[in-house]
Every structure is written in structure tokens, then in C-alpha cells.
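Read through the structure below, which is laid out as C-alpha cells, and then see the notes.
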Amino acid sequence: MAESVLYRSDTTQEPSQPKDRIRRFVWKIAIATLLLMAVGSATRVMNAGLACPDWPQCFGQWLPLQQMNLQVFLEWFHRLDAALIGLSAIALSGLSWWYRRSLPNWLPWASTLALGLIIFQGVLGGLTVTQLLRFDIVTAHLACALLFFNTMLVIGCALLPYQGTGAVGKLPWVSLTAAILIYVQSLLGGLVASQWALHQCFAGYQLCVVMNSHIAGVVPATLATLAVVFLAWRTPALHPTLRGLAKLAGVMVILQVILGVATFWLHLQVELLTVSHQAVGAALLGILVAFTVLALRDRAAANPMSPTTPDAAAAS
């Protein structure tokens, strides 16, 4: 999700330079995080999670050229990308505090929260190797990555120049519900993947409860997302950005269901389908989070000094 998809200027006021630069930086981190999760999914699908037997180095080296093959490269590149995002989170927090006088009061604290999440994510990443891919740690690793990704999206959307129409009604709460359901569904998918529940259920009827929970979770998550699409369609005065996000969410949820069905029937034999299923799920969650943040700002448009608006936060 690029900032250009969401950004439609509704005001002639030019944003402050630090705020503008930080906003662009946040969106770059969000995109890099989405790509990192896709690489992490590919690492798991290709059985490369333990391709580097030690941590944080790989075979005792920072660049294991002699041992390099596809599996080692995936795990090594995953760590490299994660390290770069970690450094970016440090830079974001430092810049937010350095320019705090010209930024909304909440931004330094939000960037510090993001930094805390990425540090915890690094710890979980190390534990996934040292604890030999324990399923609960692997799932927690995914959960923290999704939280960091969506924290970036919340910050990025809150910093966007945006003036809503005030016609969102109950849409913010419907989209928030859909986002929560998609997040839970993503974690259930992480449990299925980390325990290889699909293979075990087909082979010996083990862990079928885990797999069936993920399958059953498709229904409420899909219905909630489609409710966002339907309500957006039924709201003629809705802001064009929100309408576009709702349409995109509808396309993504249909694509996600198709990928899920294909992955199930092919028994995870096509790696690209499995990776795409995880990546599209994360993107769908991000779209719903972005919709929720902008819809909440839209809801507060009638009261520009409401504590929920960025303008009020900057003035406080």
C-alpha cells in the first residue's frame, strides 16, 4: 500500500517539512514491513527457518557466501530486511523526538511504541531459531509483525492531509470490527502454518481443530469486510478515498478466499499460492486499518477540535 493510493489533497495548506518527511518515511517503513512478512512466509514455506543454525549471525558469519543456497539466502535476507527496518524504526523515533515541537504531540510516543514493538519482534525472531521454530513463538512473531505494520499505517494515515465529509455513520466501527476479525484470522492461519496442521490433519487426523478453526473464521471475517463494502456503497456522500479503500478491500477479500481455497485443495504444494495467501491477508488487514483511521477522522470532521483529530492533538 503506497501513500499515493490514500493521499488526495483536500487543503491548500502546505504541511510542515518535518511532518511531511516523517509521513513519507513511515509509509516506506510500512511497505518494507509488508514485503518482510512476505519474505518470512516464503522462508517458512521453503523450510528455510533453520537454514541459518545460529543467530544473529549465519554460520558464524554476517555474509555466509560459502554456505549460500536458496534456503540460506531466504533466511539471511529475511534477517537483513528485519535489521534495516529496525534501524528505520530507531531513526523514526529519534526524528520524532528531535522535531517534536513542530509535530503532533502524540507522534513521538507513537514512534516510541513502534520502536518497542520492533525490538520485541527482534527478540522473537531470535527465539524462533534458538527454540527450533516452536509454534507459539512463530505465531507470536507473526502477531508482533502485524502489530508493527499496522502501527505504521495508523501513524501514516493520521499524518495524511485529509478533510472528510462527515458522512461515515457507523462505518468506522464496522471496519474496526472487520480489522480485528482479519487479525485474529491471520493468527489462526499462523497457527495452522507453524504446526503444519493442514498436512497433519490430512495425514493422520491430527490438529484438525486448528485447521477447522481457521476455515470457520473465514465466515465472520469475510462478512464483516463485505459489510464495509456494502455500507460504503450505500453512502453516496462518502469521501472518495474511503470509497476507493472499501472497493479495494472487497477485491482483496475475494482474492483471499480464492487463494485460501486453492491452497487447501492443493495441500500447500504450490509455494507461491501459500505466500500470496499470507501477503494478501496482511494487505487486507492494512487496508481495513487505514479505512478505520481515516473514517474516524472523517467522523470528527464536524468538530475540528475533538481530541480524536490530528489538528486538536497538535494544538494540545
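Note on the chain: GNM, Cα springs under 10 Å; of I119, I85, I22, the largest mean-square fluctuation is that of I119.
The value of relative contact order for the chain, using C-alpha pairs under 8 Å at least six residues apart, is 24 percent. In the elastic network of the chain, a GNM with C-alpha springs shorter than 10 Å, the most mobile of Y99, Y183, Y205 is Y205.
Would you please classify the overall shape of the range 132-228 from the alpha carbon gyration tensor, given that a ≥ b ≥ c denote the square roots of the eigenvalues, rounded means a/c under 1.5, and beyond that prolate means a/b larger than b/c while oblate covers the rest?
In terms of gyration-tensor shape, oblate.
Taking a ≥ b ≥ c as the square roots of the eigenvalues of the Cα gyration tensor, the chain is oblate, since a/c reaches 1.5 or more and a/b is not larger than b/c.
Applying a 4.7 Å Cβ-Cβ cutoff to the chain, the cysteines left without a disulfide-compatible partner are C144, C157. Placing a pseudo-label 7 Å from each Cα along the Cα-to-Cβ vector at L133 and V251 gives an inter-label distance of 3.4 nm. By the helix-only formula, in which each DSSP H run with n ≥ 4 contributes -39500 (n - 2.57) and the sum is divided by residues, the chain has a 222 nm mean residue ellipticity of -25000 deg cm²/dmol. Sort out for me the Cα centre separation of the range 193-220 from the range 65-126, rounded to whole Å. Centre-to-centre (Cα) distance: 32 Å.
For the residues R101, R243, R297, a GNM of the chain with alpha-carbon springs under 10 Å puts the largest fluctuation on R101. Computed log10 I(q)/I(0) for the range 90-129 at 0.14, 0.15, 0.19, 0.28 Å⁻¹: -0.36, -0.40, -0.54, -0.83, from the Debye equation with unit scatterers placed on every C-alpha and solvent omitted. Tell me the carbon and sulfur percent of the accessible area for the chain, rounded to whole percent, probe radius 1.4 Å. Heavy-atom surface of the chain belonging to carbon and sulfur, 1.4 Å probe: 70 percent. Of the residues M37, M46, ranked by 1.4 Å probe accessible area with the largest first, the sequence reads M46, M37.
At 30 angstrom or more along the helix axis (alpha-carbon based) and mean Kyte-Doolittle of 0.0 or higher, what helices does the chain contain? Whole DSSP H runs only. Membrane-span-like by this rule: 17-45, 70-98, 106-130, 135-159, 171-194, 240-265, 271-299.
With every protein chain kept in place and ligands, DNA and RNA left out, what is the accessible area per residue of the chain? Probe 1.4 Å, answer in Å².
49 Å²
The values are calculated or read from the model by the stated rules, or taken from the named source; none is laboratory data. Predicted, not measured: the structure shown is a model, and the values here were computed from it. Reconstructed Cβ throughout: ideal geometry from the backbone, glycine too, with neighbour counts over all protein chains shown. Protein only, heavy atoms only, side chains kept; ligands, DNA and RNA dropped before computing areas. Shrake-Rupley method; radii C 1.70, N 1.55, O 1.52, S 1.80 Å.
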